[in-house]
Each structure stands twice: as structure tokens, then as C-alpha cells.
Amino acid sequence: MLKIENLQVAVGDNDNEVLNGLDLEVPTGEVHAIMGPNGSGKSTLAHVLAGRPGYRICAGSVTLDGRDLLSLEPEERAHEGLFLGFQYPVEIPGVNNVYLLKAALNAQRKHKGLPEVDAFEFLTLVREKLQLMRIDESFLSRGVNEGFSGGEKKRNEILQMLVLEPRLAILDETDSGLDIDALKVVAGGINTLRSPERSIVLVTHYQRLLEHVVPDRVHVLVRGRIAKSGDRTLALELERRGYDWVTEEAAVPPAAAGAARAKGSSSGTGRAV
Amino acid sequence: MSTVSSRIADDFAAAEQYLPASVLSTERRRSALQALQAQGLPTSREENWKYVNLRPLEKVRFAPLAARTGKAITVADLPPQLLGYARYTFVDGVFAPELSSAVDRPGVLIEPMRRTSQPRPAVGGLEARQSGDLRFALLNDAFATDGASIRIAAEIDCPACVELVFVAATDSREAASYPRVDLAVASGARVGLIERHVSIGNDANFVNCAVSISAARASFVQHYRIQQTGARAQWYDTLSADLAESARYQLFSVHLGALTARSTVNIQLNGERAEVDLYAVSVGDARQVHDTYARIEHIAPRTRTSQSFRGISSGRARVAFNGKVTVSAGAYGTDSRQSLRGLLAGTEAEIDVRPQLEIYTDDVRCSHGATAGKLDDDMLFYLLSRGLERETAQRLLKWAFLEDVVAKIEVPELRRQIEQSLAGQLKEAAALQELL
């Protein structure tokens, strides 16, 4: 599904690379978690995948089912089935939620050569997903994320994801700022989307979400590259031991850096073993 | 004397004999003209007049028509009528009974000025209570042809009350049009007034409107003004309002039309606890210039005002809003907020938003925010990431930008009409259909 090779990314005109030769492969049907300390490049990765402007791709490639993702506009990536769940969902007063949902769904359908969604079917679909996310129907007529609490914004992101049914969902710290009940609702939403045709990447600080959405693979991002990969037990180990030991393991002498990267790309990918 | 000033004097001399004394006496017209000649018309060198191109005034014939000529106008040429509102239509400033439909309501007296002999103030600053830039109002005083005189008696509740339609139908080389409104609201009364300015035909109209509002103790005035004159029109306007104790005035001003539209608003809060909310929307395209200068004076204690402006400028248009708030020495406990936002939607377009505060007392709460810029990148990316086409996303954000203020319009049918017009002005009528 998603294949990232030697991705090197800088922000704006800054020469320091935030992503520094990142390799990652997420096979179809799997859920992968990307963890890591603050500033390790997790959110940058999520943004770059979705096509946010302001980043400079210095090297590397990203493909979605073999198709070059980096040459596509953000909206084209969405049409290809990529969905980014925002860490900080944007408030857009004056554009109401239900309009956005419908416009987004119809944009995808148009891309697939399908007619616009029937108004009745659409409402039935949205109502069902609203219930699942425990969002009151009155939210639909409100401005996008306008005046929503942190938790409501995150649930709204998942609601959009459920309506759009992406092939690849990148969820950027969707668990942050959620109380335990909201976390369960959000996790439940994500789990309903798990399927053999779909891949999900969970970007997160904490192990907490992974108790409810059990990942197939866990990767640790340190200084812009995958420093360690493992199964779900790696997340538990990180919870217990913190990130320092991975950071130390990743700290290799400059002379050995090239060799370490080559090595890292074989052992550090997300390929299911 | 400048070319324009001498032209005005000549046109006045020629027209004086047919200007109706029932609207304003010859004496008052002459003194208005004298005052105007003494002050001179504004020039582009003045700070508060630098956005408007005053040049075309040199080619205007300032006299109104002696009598309405040829063009037959029917109800179908006018905006759809709003249910419940009494409609009074004026063509080139003169009452047109065949295009009007009076509604009888006790305590509500609406009369064309020509037909009444009750004493009426001049708008242009002859009364001591008025201040501000009244030069174009003086011009209206000199040439006034007719207008709507509205009296609301004490404690009368008339939220859906009067709609005034001012139609400009003559080219400025031929004659000028002088709409005029005088609204007096007695204590405890509530009134909803809609004021529209439109053109029929594609002439380069010259319109110079003067409005005077007086709101007595604890009255409430909701005033909607929609300027949709033709693409070649020059539209000038002076609005003066003064508020007594606990009076409340809401002004919604929407500018869509005209080649040049300049509105000068002078509001005085003379009574304690008086309140004013000014909502203004302006959408300019091509070579349009929209300029609003709003001067609000807090004179009495514990008065409150808010100003919200949203302007979009496309093409080579220039959209300006200058909001000046003064707080007098005695106006302690004043609360004043300004939120002025402009959106640039073209590389050659211009937006000027300017909040100004002059405070002569302590114990006030004044805040102002002014922004002028392009569409918000974060919002745009959010919509794109959901698969919306770039054009659709941009269109939607422009709409949302205005909707913030447009949503404050409390007359649903009027709001719908305005939204339709806005979508048309943004050249997105079909695309935004679903939102309307």
C-alpha cells in the first residue's frame, strides 16, 4: 500500500532535515503505529504524506500502490484514497460540517466516475456514523470544528474518515487531548474501518490508543528516521522504558551513518515478517 | 472656486425654481449651498477621501430632473418585495406611488416629503446636534427633491416595517438623484427599516443620498442598507444617527454595486447606555471602489458599540473601511469593539482597513482587530485534504469569510436575497447554489 524510501525533508528554507532518510512500508490491510519523542518528525511525516505546503522534499520517494504520491496535489491524494486526521483540526466558521462532508464525498465519487450521492442515502449514512461517534446531530449544521472542544474535534475527524472510507488513513495524534471515554469512542471508530483492503497509520506519543487499536507493527521515529521496528510489544516496552534507550541505540558515530542507514532500511521497514 | 463648486452653483441657480419648498425651504437650501461652498467638496488629498476617485464629479449635472421623463418602470424591474413590509419606491429621488404599496399600521407614519408640510430637519449639519463630515449631505440639502419621512410613535412595535427602494434611472450628464430619509423613532418603539439602492438601465448614475435617524429613549432601530446600483454608477451617501438613553441601533450595510460608492456614517451616542452595532459587507470587483468611513462618537457614559466589517476585493477593485471611534471625556464605562477584515482575491486588488481610536477618558474597554490578507492557508489545506478541488475550496472560504457577518441579518428572506447577490458578485452563483 504505502512505500516510503529514503525520504529526506526540510522545512522551508532551513537546511536541517526534519526527515532524514526515512524508510517505511505499510502493507495493505495492516495497522502500523509510529511513535517517537517530541520533535522526532512524526507530524512532519503525516503532513508530507498529505501534501501540506511548506516542506521541501530533498530526496526519496513515496508511493501509494505504486503510484508516486509526492507529485500529487493534496486533493488528488485524497481522491486516491488518502486521509489525514489532523492533530489540530482547523476551525472554519461559515462552512458547515454537513456541507463539507457532502462536498468531500462527492469529490471522491466524481473522481471514481460515480454520480453525486443521493441526499437521502447520504443523510442515512451520516446519521449512522454520527451515532457511532456519539456526536449530536446538531453538530452537522454548525461551522466546521467551530467552537468544538478538543475531543469533539477529534471525533469529528474520525466521523469524516468513516464517511470517506479512505484506503490509507494517517491519524496524527488523534488520541491527544481525549479523556478515556472519548478515547474509546475514537478507537471504536478506527476499528470499524479496519479491513483487509485498508491500511492505517497511527502517529502517537503514547501507548494508550494502542490498547484499543492493536497495531500489527510499531515503529519508533528518532531524529527523522525509523530507529526501531517491532510488533505491539515494542509499544509496551516504550511505555515502560521511555524513548531514551532507542535514542541512544540510534546514536551512531557519523562515520558509520551511511552503513547504518543501509542496514536500517532492511531491518527497519514495516514489512511484516 | 473649483470647477465642481461653480458647476454646483450654476446648476442650483438653474434648478432653484422647481425644487420643492415642501421638502426644504428655499432659505435652507441656499444656506446649505453657502455652507458647502465655504467648506468646499472633499478632495482626494484629504486623508479620509483618498480612496475615492472624485474626478468624475467634474462631469456631473448636479440638478435633479424637473419632472420624471420617459422610462417606464414596472414592479417587475424592482427587487422582489418582502412580505409584511410597506414598500415606498422613489425613482431618481422622487416618490413613485405606482411602484409602492403602503401598509396601514397604527403609530407608523410614512410620508413622501413632498406631500407633507411637517417641519423636518436638514441633514447637512444645520442642527447643532450633528457633526462629522457632512459635505455631501449639504449637497443633498441644496437639491433635495423628495424623500421618505418616517415617524414611529412611542411604544409601537414594528419589526418588519418599511422598505424603501431608491431607483436611479438617469445618466449623470443629464441629472442627479438625491435619495433622502428622515426617520424619527419615539421612546420604546421598535422599527425595522430596509433601504435599497438600485439602478435601472446601464447609465452612469450620480446618486447622493442623505439619511438622518433619531432614536429616542429605549427605542430599537434595525436598519438594512443594500447598495446595488449599476456598474457605472457613482454613489455617495451620508448617514447621520443620534441615539438617546438606552436606544439601540443596528446598521447592516451591504455594498455590491456602483463603480464608485462612498458612504460616510456619523453616529453619536448621546444618551447613557445607548448601543450601536454596525455590520458592513463590501464585495468589489473589476475597477470598483467601495469606501466606507464610519465615525462613531461615544458621548454619554456606559455606551456600547461594535463594528464588524468584511470586505473582498477582486480584479482591480479597491475596498476600504475606515472605522473611527471617539470616546469623549464624559463617556466613562464605554465598551467599543472593532473587527475589520479584508480579503484580497486578486493580485491587482486593494484592501484598506483602518481602525482608529481616540479616547479622552479612563475606564473604557476598547478593542480593535484589523486584518487584510489572502485566504487562510491552514483552512485551505484542510479542505483540500478532504478532496475538495482547489477552486471549490477557495470559493467556499470566500463565502465563509462573508457569511460570518451576513449571518447576522435577521430577516430570512432578505438574507437569502443578499446571499444570492453576493454569490452573483463573486461570480459563483451556480457553484454556491447548494449553500443558498
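Throughout, read-outs are computed from the coordinates displayed, never taken from laboratory work. What you see is a predicted model, and the numbers here were worked out from it, not measured in a lab. Glycine also receives a Cβ, built like all others from the backbone with ideal geometry; neighbour counts cover every protein chain displayed.
General remarks:
- Relative contact order of chain A, taken over Cα pairs closer than 8 Å and 6 or more residues apart, is 27 percent.
- When restricted to Cα atoms, region A:1-110 yields an Rg and a Dmax of 15.1, 42 Å, respectively.
- Gain upon complete extension [residue A:251, residue A:191; 0.36 nm per residue less C-alpha separation]: 18.0 nm
- Mean shadow area of region A:133-228 over all directions, Cα convex hull, nm²: 7.0 nm²
- 14 Å Cα-Cα reach of residue B:50 towards aspartates and glutamates, excluding residues that sit fewer than 8 places from it in its own chain: B:291, B:350, B:352
- Annotation: lysines with alpha-carbon distance below 26 angstrom to residue A:110 (same-chain offsets under eight excluded): A:102, A:129, B:398, B:427.
- Rounded, prolate or oblate (a/c below 1.5 giving rounded, otherwise prolate when a/b exceeds b/c) for region B:165-304 by Cα gyration tensor: prolate
- For region A:196-247 versus region A:101-151, the inter-centroid distance based on Cα atoms is 31 Å.
- Here the relative contact order of region B:181-308, from alpha carbon pairs under 8 Å that lie six or more residues apart, stands at 22 percent.
- Chain A - Debye-derived log10 I(q)/I(0), Cα point model, q = 0.08, 0.13 Å⁻¹: -0.33, -0.86
- Over the protein assembly as shown: Rg over Rh, Cα atoms, Kirkwood Rh: 1.10
- Approximating the spin labels as points 7 Å out from Cα along Cα→Cβ, the residue B:115-to-residue B:13 distance works out to 3.6 nm.
- Between the beta carbons of residue A:236 and residue A:28, assuming R0 = 35 Å, the FRET efficiency works out to 0.85 to the nearest 0.05.
- Stokes-Einstein, applied to the Kirkwood radius of region A:83-191 over Cα pairs at a viscosity of 1.306 mPa s and 10 °C, places its translational diffusion at 113 µm² s⁻¹.
- Counting Cβ atoms of other protein chains within 10 Å of each residue's Cβ and taking the mean over peptide A:6-16 gives 0.
- Candidate aspartates and glutamates for bridging to residue B:71, where Cα separation is under 20 Å - those fewer than 8 sequence places away on the same chain excluded: B:92, B:98, B:146, B:171, B:174, B:203
- Cut-off 12 Å, label 7 Å out along Cα→Cβ of residue B:410, residues of region B:254-287 by amide N: B:277
- For chain B: relative contact order, % (alpha-carbon pairs under 8 angstrom, 6 or more apart): 10 percent
- Placing pseudo-labels 7 Å out from each Cα toward the beta carbon at residue A:127 and residue A:109 gives an inter-label distance of 1.7 nm.
- Projected-area average for chain B over all orientations - Cα convex hull basis, square nanometres: 20.3 nm²
- The Cβ shell under 11 Å around residue B:204 holds other residues with a net charge of 0, Lys and Arg each +1, Asp and Glu each -1.
- Cβ charges +1 (Lys, Arg) and -1 (Asp, Glu), total dipole of region A:33-110, debye: 80 debye
- Where no second cysteine Cβ lies under 4.7 Å, the cysteines concerned in chain B: B:209, B:366
- In chain B, the DSSP-assigned H stretches of four residues or longer account for a calculated mean residue ellipticity at 222 nm of -5500 deg cm²/dmol, using -39500 (n - 2.57) per stretch and the full residue count as denominator.
- Given charges at Cβ of Lys, Arg, Asp, Glu: region A:22-78 dipole, positive-most of A:55, A:24, A:38: A:38
- Over region A:142-190 - Rg/Rh using Cα atoms and the Kirkwood inverse-distance radius: 0.95
- Quarter of the Cα convex hull surface for region B:44-195, i.e. its orientation-mean projected area (nm²): 10.9 nm²
- Theoretical FRET efficiency, 1/(1+(r/R0)^6), r = Cβ-Cβ of residue B:69 and residue B:21, R0 22 Å, to 0.05: 0.45
- Using the average count of surrounding beta-carbon atoms within 10 Å as a protection proxy, the listed peptides B:391-399, B:170-178, B:53-61, B:233-241 rank, highest first, as B:233-241, B:170-178, B:391-399, B:53-61.
- Our summary of shape: the Cα atoms of region A:81-121 have principal axis extents of 32, 23, 14 Å, ordered from largest down, in whole angstrom.
- Cα centroid separation, region B:155-173 to region B:204-228 (Å): 9 Å
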